[in-house]
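Just so you know, all these numbers are worked out from the coordinates, no wet-lab data involved. Since this is a predicted model, take the numbers as computed values, not measurements. Don't worry about glycine lacking a Cβ; one is built from the backbone with ideal geometry, like all the others, and counts go over all protein chains shown.
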């Protein structure tokens, strides 16, 4: 219910094709790279504390911890969206403003999709494709925000998202 209220309030109308996301063929190239090389990320240094919905678990090596991480990432994507929505009207480039908000809406929906996959599965194999999808949306959001004068407003949240996606990929690889 909270998700739907948030989507309605912000006019987010993105509906991902879950069949394509969970089709292993969609991610075969990413899977091959991940299987060959997946280094553990370095924890980022934040300029200010990042607020999480629930306390982030100290050890995310157990699959059950993914639920907390997923919920926190979902919340971070909403915070990023809301922070940019509050300042985007000051951007004179309307095409960029529209594209940025669309990309951030897709990021939020990808995080919801990953959370649902984690809650609906029992091991790493079941949600790996959903994690690849979230990674692709984090990458796209990072690229789209790059160079924007207001990027600093969400830099810490985006760093946290990138870190936890990469950490989860490493955890999945070590357990796969």
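Here are some notes:
- When the Cα atoms of segment 21-78 are aligned to their principal axes, the ranges along those axes come out at 37, 24, 23 Å in descending order.
- Orientation-averaged projected area, Cα convex hull of segment 61-155 (nm²): 6.0
- Relative contact order %, the chain, counting alpha carbon pairs below 8 Å whose residues are six or more apart: 32
- Using the average count of surrounding beta-carbon atoms within 10 Å as a protection proxy, the listed peptides 76-88, 105-117 rank, highest first, as 105-117, 76-88.
- Cα-based shape type of segment 17-118, given that a ≥ b ≥ c are square roots of the gyration tensor eigenvalues and the cut on a/c is 1.5: oblate
- Segment 111-136 versus segment 2-27: alpha-carbon centroid distance in Å: 12
- Theoretical gain in end-to-end length, residue 119 to residue 32 [0.36 nm per residue, Cα-Cα removed]: 28.8 nm
- Cα Rg over Rh - the chain, Kirkwood: 0.95
- Peptides 123-129, 90-96 ordered by average Cβ neighbours within 10 Å, highest first: 123-129, 90-96
- Residue 14-residue 140 pseudo-label distance in nm [points 7 Å out on the Cα-to-Cβ vector]: 0.6
- Tilt relative to the chain, helix 65-87 - C-alpha long axis, 0 to 90 degrees, to 10: 10
- For segment 116-176, the relative contact order works out to 43 percent when only alpha carbon pairs closer than 8 Å and six or more residues apart are counted.
- Scoring 42-52, 150-160, 23-33 by mean Cβ neighbours within 10 Å over their residues and listing the highest first yields 150-160, 23-33, 42-52.
- Nearest 10 degrees, 0 to 90: helix 124-145 Cα axis against the chain principal axis: 30
- On Cα atoms only, tilt of 94-119 relative to the major axis of the chain in degrees: 30
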